[in-house]
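Data first, discussion second: the structure below is written as structure tokens.
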Amino acid sequence: MDIKKAQAASSLSFGEGRAEAKQEYNITVYTENQIGLLNRIAIIFTRRKINIESLNTSPSEIDSIHRFDIVLTETEDVVRKLARQIEKQVEVLKVYYHTNDEIIWQEMALYKVPTDTIAEKVLVERLLREHGARAVVIRKDYTVFETTGHRTETDNLLYALQPFGLIEFVRSARIAIIKSSEGFNRKLREFEQLEPGQEVSENEFLSKRDKVFTM
Amino acid sequence: MEIAQEELLTIVPETKKIKEVSGSVALLEGLVAEGVDTIFGYPGGAIMPIYDALYDYKEKLNHILVRHEQGGIHAGQGYARSSGKVGVVFATSGPGATNLITGLADAQIDSTPLVCITGQVFAHLLGTDAFQETDVINITTPVTKWNYQVTDANEIPEVMAKAFHIAKSGRPGPVLIDITKNAQIQKFNFEGYVKSNHIRSYRPKPIVRNEYIEQAAELINQAKKPFVIWGQGVILGKAEKEFQAFIEKGNLPAAWTILGVGAIPTDHELNVGMLGMHGNYGPNVLTNECDVLIAIGMRFDDRVTGRLDKYAKQAKIIHLDIDPAEIDKNVQTTVPVWGDCKETLPLLTKLIEEKKHTEWLQKFKEYQQKEVKAVIDAELNPTAGEMTMGEVINQLNILTQGEAIIVTDVGQHQMVACRYAKFNKTRSNVTSGGLGTMGFALPAAIGAKFGAQDRTVVAIAGDGGFQMTIQELGTIMQCGIDVKILVLNNRFLGMVRQWQELFNERRYSFVDIQSPDFVKVASAYGIDGKCISEREELQNALKEMLEHKGSYLLEVMVTKENNVFPMVPQGCSVSEIRLK
């Protein structure tokens, strides 16, 4: 038996009967605000040699609870396993994952361009208008514009400004609102109870199992 | 009256009376409150304040001075595995802490509850490359269930309570608490130790869903060829009785992973043997013939499943596990039964019907007979040639009657010991299953003995692994514990040699290992011993070892080039198991 072939075959069997194609997934993680937790979550990805495309971490709507927004391109099977491994960490309260269709998302970008080119070239002004950009700072030597949108939108302005002496560019990680989410306030109250309600350990299988398993 | 009042005062727990104490004292009070009786450790600069406090706790906390921190943590593992309690390990910063890593990784993958305390440099020196400073938290993050750095003594009671709660609840695992030296020294107002039973972000047990129990029961009731495979989860969940009741009601044949062995006695009629690469013939082949596979507290390790895409494809799969991340991780389940098997098994037992499964059980017996003929007979009862590892284990069984705790190292002897050792009681087999840590046996046996002092503990090691932690003979010498050491010497790194023979055209690359005179080494540590190479001596020598007062080393020279069979070669399906 060719060992390599067998191993390749066995790794293929992983997502059997599931959507196999890789696509962008958004993982949302609610955690305690704890030093070292970022590392604990990051190594779940690095151990499996999976690249994090974008990562945002910031305080959530609830005091003391942090929210991670992680973007990666993988199959659903891999993403589900990652989500379970993350949720297993002691200081993680809850993990969700969604496709791009299931969220509203934005990234923010800042562009620094020489003020003189802006002032001189009417074209630039129109460009900015078209891209819905807004000036954050206007100085004698440079001006900083800001725009928010999907990756393609912030990219478009970037390409458009390149010929006009763009000095510096930066883009934030993705942040996303989950269309179906009711927020975390009510959930957290359940977590704080000694005997949690059914909500706390949601089981994504329960509603789907009928399709997979019928007596 | 006055005397009575004084008596009352002394009843008040120690912890309530103490006000201003150091972080170190608070830590030790925490250990006492958690019921810790034994600590395995090694002092050093950054943990000196804790050791200074320990000087006054000698009566309550028995500290075992090991010879190397790796030995310390393996002893902690052995203690936890034999006793079912949390193993506690002390080490200093820097090299002390990094020497724990192998044991942490081992405990993490084998779900062993540990609380490890490491000293750390003063908080103001963190990140300055101070003497014996290592970033212990980041190094240990991938190999701990939880870790935390304490820099203020006020945190100690709460952090210790969390540490014990996390280590032992849900799926157990190792916890490491790194305490800076200033926090160990710092005095603070200690208001007592309160055990933790709730951390809001931590759900050790998933909620049991009756839907799944019902679905699982229905599948089992419909099954013509149900097959139970169980792992350490049954032992960790203390659900041995519940498990036995379950398989007995349904007359379900059951096979074990090497960490699950002993949950029911070896001789139980429904115990059909060992799973996996060197497991028994029937359980492996019949995995691919059963119609319902019921996995209980096991994680479908690659050594158990062989090639995954040819693993039990014909079967509906029921997986009982406390860790939701294990469900569907390697094998797609039909019905996941999330929860503690101590709770889920009785629910399931109630719903399953009493069945006979006579024909199906007979199949296991037939395969067993084939294996006895092809492999086991020659291994256990050879009449000529050099001794085999199997016959040593077989003779040991006859003498111990399955009552001993067997602690094994890693390699051929481990597979042979797990295959052939007889166990009447749970928590009798201590082995490094997931990580496969050579050097595990000797220190783990020391710990196992402390965890179960009324039981006989036999460490079985090969000539390779024994030399990896041989320094722990010093620990035995100093603490005077009674551990029997059985070295099966084949003058090779046997398992690697076996693979080189089978898969690398006998290109024996660096597996020819020389050993010192082990009996002399033991004798230098004040441990009696003997080396034998003749079959006629075996029974008496084993008897002498077991009857000896105190520790004893018996070295048995066994066949140099013996292979462990059956074997599922890597990359092959369990049904392609080879008998030779």
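Would you point out the residue of the range A:126-161, among those that are in contact with a helix residue (DSSP H, G or I) (Cβ under 9 Å, 6 or more places away or on another chain) and aromatic (Phe, Trp, Tyr), that is least open to solvent (accessible area, probe 1.4 Å)?
A:145
Consider residue B:29 carefully, then state whether it is over 26 Å from residue B:108 (Cβ atoms) and either modelled with pLDDT under 95 or part of a helix (DSSP H, G or I) (or both).
yes
Would you confirm whether any residue within the range A:98-105 is aliphatic (A, V, I, L, M), open to solvent by 80 Å² or more (accessible area, probe 1.4 Å) and part of a strand (DSSP E or B)? Break it down into steps so the answer makes sense when it comes.
In the first step, residues of the range A:98-105 are kept if they are aliphatic (A, V, I, L, M); the result is A:103-104.
Subsequent filtering for residues that are open to solvent by 80 Å² or more (accessible area, probe 1.4 Å) retains A:104.
Applying the additional criterion that residues be part of a strand (DSSP E or B) yields A:104.
Checked against the condition, which is being aliphatic (A, V, I, L, M), open to solvent by 80 Å² or more (accessible area, probe 1.4 Å) and part of a strand (DSSP E or B), the range A:98-105 yields at least one hit.
Please state which one of B:565, B:492 is more than 14 Å from chain A (Cβ to nearest Cβ), surrounded by 16 or more Cβ atoms within 10 Å (Cβ to Cβ), in contact with a His (Cβ under 9 Å, 6 or more places away or on another chain) and part of a loop (DSSP other than H, G, I, E, B). Write out each step before concluding.
Numbers: B:492 fails: in contact with a His (Cβ under 9 Å, 6 or more places away or on another chain).
Exactly one of B:565, B:492 is more than 14 Å from chain A (Cβ to nearest Cβ), surrounded by 16 or more Cβ atoms within 10 Å (Cβ to Cβ), in contact with a His (Cβ under 9 Å, 6 or more places away or on another chain) and part of a loop (DSSP other than H, G, I, E, B), namely B:565.
For the range B:309-329, how many residues meet the condition of being buried (at least 23 other Cβ atoms within 10 Å of the Cβ) and part of a helix (DSSP H, G or I)?
Matching residues across the range B:309-329 total 1.
Going by the conditions given, is residue A:35 at pLDDT 95 or above and either open to solvent by 50 Å² or more (accessible area, probe 1.4 Å) or farther than 30 Å from residue A:167 by Cα (or both)?
no
Look through B:39, B:18, B:64 and report the one residue that is at pLDDT below 95 and of a type outside the set (D, E, K, R). Explain how you work it out, then say what you get.
Details: B:39 fails: at pLDDT below 95; B:64 fails: at pLDDT below 95.
Going through B:39, B:18, B:64 in turn, the sole match is B:18.
Given the criterion open to solvent by less than 60 Å² (accessible area, probe 1.4 Å), under 22 Å from residue A:80 (Cα atoms) and of a type in the set (Phe, Trp, Tyr), identify the matching residue among B:338, B:360.
On inspection, the qualifying residue turns out to be B:338.
Against the definition (within 30 Å of residue B:36 (Cα to Cα), of a type in the set (Asp, Glu) and either in contact with a His (Cβ under 7 Å, 6 or more places away or on another chain) or surrounded by 24 or more Cβ atoms within 10 Å (Cβ to Cβ) (or both)), how does residue B:403 come out, yes or no?
On the way: within 30 Å of residue B:36 (Cα to Cα): yes; of a type in the set (Asp, Glu): yes; either in contact with a His (Cβ under 7 Å, 6 or more places away or on another chain) or surrounded by 24 or more Cβ atoms within 10 Å (Cβ to Cβ) (or both): no.
Considered against the rule, which asks whether it is within 30 Å of residue B:36 (Cα to Cα), of a type in the set (Asp, Glu) and either in contact with a His (Cβ under 7 Å, 6 or more places away or on another chain) or surrounded by 24 or more Cβ atoms within 10 Å (Cβ to Cβ) (or both), residue B:403 comes out as no.
Let's see how each residue does on (1) of a type in the set (D, E, K, R); (2) touching an Asp or Glu at 6+ places or on another chain (Cβ under 8 Å); (3) away from every other protein chain (no Cβ under 13 Å):
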residue	(1), (2), (3)
A:31	no, yes, no
A:38	no, no, no
A:44	no, no, no
A:56	no, yes, yes
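For the range B:437-488, give me every one of the helices (runs of 4 or more DSSP H) that falls completely inside it and has 2 or more residues that are more than 20 Å from residue B:85 (Cβ to Cβ), open to solvent by 20 Å² or more (accessible area, probe 1.4 Å) and of a type outside the set (Phe, Trp, Tyr).
The qualifying helices (runs of 4 or more DSSP H) are B:463-468, B:473-479.
Quick check on this structure: which one of A:77, A:116 is modelled with pLDDT under 95, in a helix (DSSP H, G or I), on the phi < 0 side of the Ramachandran plot and in contact with a Phe, Trp or Tyr (Cβ under 8 Å, 6 or more places away or on another chain)?
A:77
So residue B:201 passes all but one of these: (1) more than 14 Å from every other protein chain (Cβ to nearest Cβ); (2) farther than 28 Å from residue B:98 by Cα; (3) among the small types (Gly, Ala, Ser). Which condition number does it fail?
If we test residue B:201 against (1) more than 14 Å from every other protein chain (Cβ to nearest Cβ); (2) farther than 28 Å from residue B:98 by Cα; (3) among the small types (Gly, Ala, Ser), just (1) comes out false.
Return the pair list, or none, for Cβ contacts closer than 8 Å from residues in the range B:155-181 that are within 11 Å of another protein chain (Cβ to nearest Cβ) to residues that are assigned to a helix (DSSP H, G or I) and among the polar types (S, T, N, Q), at least 6 apart or on different chains.
Correct list of pairs: B:173/B:108.
How many of the residues in the range B:87-129 are assigned to a loop (DSSP other than H, G, I, E, B) and open to solvent by less than 20 Å² (accessible area, probe 1.4 Å)?
Total meeting the criteria: 9.
The values are calculated or read from the model by the stated rules, or taken from the named source; none is laboratory data. Just so we're clear, the structure is a prediction, and the values are computed from it rather than from any experiment. No Cβ is skipped: glycine too gets one built from the backbone with ideal geometry, and neighbour counts run over all protein chains shown. Each accessible area value is taken on the protein alone, full model and side chains, heavy atoms only, with ligands, DNA and RNA left out. Shrake-Rupley method; radii C 1.70, N 1.55, O 1.52, S 1.80 Å.
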